[in-house]
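Worksheet for the structure shown next.
The values are calculated or read from the model by the stated rules, or taken from the named source; none is laboratory data. In this text, all values refer to a predicted model and were calculated from it rather than measured experimentally. Here the Cβ is made from the backbone with ideal geometry for all residues, glycine too, and neighbour counts use every protein chain on show. Heads up: the accessible areas ignore ligands, DNA and RNA and are worked out on the full protein's heavy atoms, side chains in. Shrake-Rupley method; radii C 1.70, N 1.55, O 1.52, S 1.80 Å.
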Amino acid sequence: MLRRKARRAQEDDDPLDAAQERRVRAVLALGGVPQTDLPDGVQQVRLRLLERAASGKEAPRDVSAWAAVVASNLAMDWHRAKRRQERLGERLASLRQPEHLSGEDTRVLSLAVARGLDELPDAQRQVLVLRFYADLPVRSIADELGVPEGTVKSRLHTAVRALRARLHEDEVV
């Protein structure tokens with residue numbers, strides 16, 4: 001009984017709700033963080049949100065967008081420290097739910113996209129993941145990264161074009 005009350009109190013103080021935590025996990029994973037390090041990444045996002053509140057800074061306008069950008073930055077840090085080469089495809093494929101897989105073609109496409117993401121420059125990969133995997137609008141990405149919307153659009157355009165070219169080179173699409 002006491003444990004349940006303590007757990008409920010802890011959950012009430014959690015700065016991330018379940019949907020935000022799932023989004024943070026997805027952004028970290030798509031950014032190349034291994035499955036075993038995802039809980040640490042989520043905790044880092046929580047810690048940064050709590051530190052922000054403790055320092056007296058105003059709460060982010062959109063906690064979900066802010067958390068996704070922080071997670072993206074953490075993933076970029078991890079990526080710079082450990083070049084993840086071939087394992088990215090395996091991690092990306094493991095994120096997909098078995099009921100969503102439609103066969104060998106989907107696995108091949110997932111691996112090709114993962115390799116293509118791996119070859120993109122960090123800034124392009126970051127906006128691509130935030131836009132298409134975290135489902136953030138361009139304006140939110142620009143606000144959270146502190147860059148103009150045009151820069152985000154330009155990076156997205158260049159990243160999509162490069163990824164599309166890669167998929168055509170590999171004859172995946």
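Here LEU117 clears all of (1) open to solvent by 60 Å² or more (accessible area, probe 1.4 Å); (2) modelled with pLDDT of 70 or more except the condition numbered (1).
Can you tell which of ALA93, ALA162 is of a type in the set (Gly, Ala, Ser), open to solvent by 20 Å² or more (accessible area, probe 1.4 Å) and modelled with pLDDT of 80 or more? Break it down into steps so the answer makes sense when it comes.
Numbers: ALA93 fails: modelled with pLDDT of 80 or more.
Of the residues listed, the single one that is of a type in the set (Gly, Ala, Ser), open to solvent by 20 Å² or more (accessible area, probe 1.4 Å) and modelled with pLDDT of 80 or more is ALA162.
Of all residues in the range 2-24, those that are in a helix (DSSP H, G or I) have Cβ atoms under 7 Å from Cβ atoms of residues that are at pLDDT below 85 and open to solvent by less than 100 Å² (accessible area, probe 1.4 Å), 6 or more apart or on another chain, in ARG23/ALA134. So which of LEU28, LEU49, LEU38 ends up being without any contact (Cβ under 8 Å) to a residue 40 or more places away in the chain, assigned to a helix (DSSP H, G or I), under 18 Å from ILE141 (Cα atoms) and aliphatic (A, V, I, L, M)? Only one candidate passes the filter, namely LEU49. VAL129 meets all of the listed conditions (1) in contact with a Ser or Thr (Cβ under 7 Å, 6 or more places away or on another chain); (2) open to solvent by 30 Å² or more (accessible area, probe 1.4 Å); (3) closer than 19 Å to TRP66 by Cβ; (4) of a type outside the set (Phe, Trp, Tyr) but one, namely (2).
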